[in-house]
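Bear in mind that the values in this text are calculations on the coordinates, not laboratory data. In this text, all values refer to a predicted model and were calculated from it rather than measured experimentally. FYI the Cβ positions are ideal-geometry reconstructions off the backbone, even for glycines, and counts take in every protein chain you see.
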Amino acid sequence: MNPFELFSYSFIWQAILGGLLIAIFTSLIGTFLVLKRLSLMGDSLSHVALSGVSIGFLTKTSPLFVALPVVILSALGIIKLTKNEKIYADSALGIISALGIALGLIIAALAGGFNVDLMGFLFGSILTISQAEVLLAAVLAVLSLILISYYYHELVAMTFDENFAKTAGVNTDKINTLLIVFSAACIVIALKAVGIMLVSALIIVPPSAALQIANSFKKTLIYSCLFSCSSIILGIYFSFLLNLPSGAVIILINLLILFIILGVKYAFKKRKIA
Amino acid sequence: MNLIEAKNISHAYRGQQVLSKVSFSLKEGTWTALIGPNGSGKTTLIKLILGLLPLQSGRLTLWQKNPASELGYLEQKITPPRLMPLTAFEVVKMGLLSTKKGFKIFNKEDLKTALNMMRTTNCFKYRNKLFTELSGGQQQRVLLARTLINKPKLIILDEPTTALDSTSRESFFELLSKLNKEQNTTILLITHDIAEIGKYATDFMVLDKELIFSGTKEEFCSSEAVANYFGSYTQHIMDHLHSEESCPFPAHIHNHEHASTEAK
């Protein structure tokens, strides 16, 4: 097979475009989530997405569009639970996560069990992304760029030292809510690329790799975006070429980038000591 | 002019009272040392003033409705994310956040101000280093620069010199003293080190869930309430605070103690 043959298919270009847009907003939002120690938020909300997707199948409506409000409402629930001093933040995430999976499995069973479509959402199928979903991803990518540009200094200050941000007059509650609700939306749209099982990796891994080498916040955002975009392009290419699941290949490439960076850093450190 | 007026402030955490009917006022241009044992409610009180905790009861009036741009706050220690990719310079620049609107674009003048402030607080040489890679003392100097950069009317400090060595502590307080005298900056400082702060503070507040004392240094030195509260430690405290002009009561005790030591 000609290794460049895939680029002659229009659905591949649609997948690349959709994937790149998803990579942009997940890596940008993910950087703040990782630094704010909210990485597990992605995991919990993706599990909740299973409920939303299942409701979509049960009611025979678009699973992604049903999952969107369900996950956003759960994100607001997490905020409410974490504000309750009687429950730790990670416990709140665990509770919501368990609720999401349990309900999701029951609704999926009622909707006729795990069919091919549901498996697509569980493990991702970027190659089947529709034009409407690409459009939704584009809207989210633009909104995330606006959100981060407008609140950049507030977000950085809040991530660095929330008490300082509050005394500087930053409405931290409003911006935190906005960030989490936005993360929820990003997670739902990103399901198409890598699936419920792996979407949190798309949020965690590129920023984690970027944080190893960047010496400024802006560079972290740029590197994170670059790593994520590269993994989408390479992931689509290799998964098509080798006939492997695209979501898994995308995440493995992301992890490969992280491990290479960690390895090179370790080698440099060793050489310095020697 | 009073910058802060507090009336009957009470606060409880999970039913446990940490502040009880605290009333005081903070005059502009004063340097007030807020002292009290651990768990006496000092940090709670300043968090209420800063708006970091919601007011449960009482009334708290600040000199203006939205004082963020005229308020500086420095904690004992902050714990940013370990991998936070921010340089010392970027942290100092952050101090100008409350003066910006919209997209908050920093101009050349802002950058110059940040660099000058870093020179003033002796942290200019590590401006390009990551904040998280600096030592505790270096971090505290960077945070002081961030606190002072927008020339606040009121600076609230919560045991800010814990991570500093004695020389750095001295220069830290000298800098605050200069601001207090030359720019009439009001300072409210939580401290356990009465010996050190006695040289600079003009006013004292003693808190132990309720307000034991609030007044000038002279009043503090001769206060019955202070003597009753500290009991046998009063003399020790006053010895540290002793200053010929402003504290006649300890001077008497001080001289007496010396005389009796010499007699031995």
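A compact table of results
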item	result
Average Cα contact separation per residue, region B:1-105, under 8 Å, 6 or more apart, as relative contact order %	27
Cross-link pairs A:LYS265/B:LYS125; A:LYS218/B:LYS101; A:LYS174/B:LYS42 - those with Cα-Cα distance over 22 Å	A:LYS265/B:LYS125; A:LYS174/B:LYS42
FRET efficiency estimate (nearest 0.05) - Cβ-Cβ, A:ASN163 to B:VAL18, R0 22 angstrom	0.75
Selected from B:ILE194, A:MET197, A:LEU40, residue furthest toward positive end of dipole (the protein assembly as shown; charges at beta carbon)	A:MET197
Rg over Rh [alpha-carbon atoms, Kirkwood Rh] for the protein assembly as shown	1.09
Euclidean distance between Cα centres, region B:66-103 to region B:125-172, Å	12
Residue-averaged 222 nm ellipticity for the protein assembly as shown, from DSSP H runs of 4+ at -39500 (n - 2.57), nearest 500	-19500 deg cm²/dmol
Whole-angstrom Cα spans of region A:131-229 along principal axes, big to small	44, 30, 22
Surrounding net charge for A:VAL199, when Lys and Arg each add one and Asp and Glu each subtract one, Cβ distance under 13 Å	0
Length-normalised contact order for region B:41-160 - Cα pairs under 8 Å, 6+ apart - percent	42
Electrostatic dipole magnitude of region A:81-179 [Cβ: Lys, Arg +1; Asp, Glu -1; Cα centre; debye, to 20]	140
Additional length obtainable on full extension of the chain from B:LEU55 to B:ALA225, 0.36 nm per residue less Cα span	58.5 nm
Cβ-derived FRET efficiency at R0 22 Å, B:LEU175 paired with B:PHE106, nearest 0.05	0.35
Around B:ALA88: net Lys/Arg minus Asp/Glu count, Cβ-Cβ under 15 Å	+4
Mean separation of Cα contacts under 8 Å, 6 or more apart, over the residue count of region A:107-195: relative contact order %	52
Counting DSSP beta bridges with both ends in chain B, the antiparallel % (nearest 5)	55
Potential extension, A:LYS270-A:LYS219 segment - 0.36 nm per residue separation minus Cα distance	15.8 nm
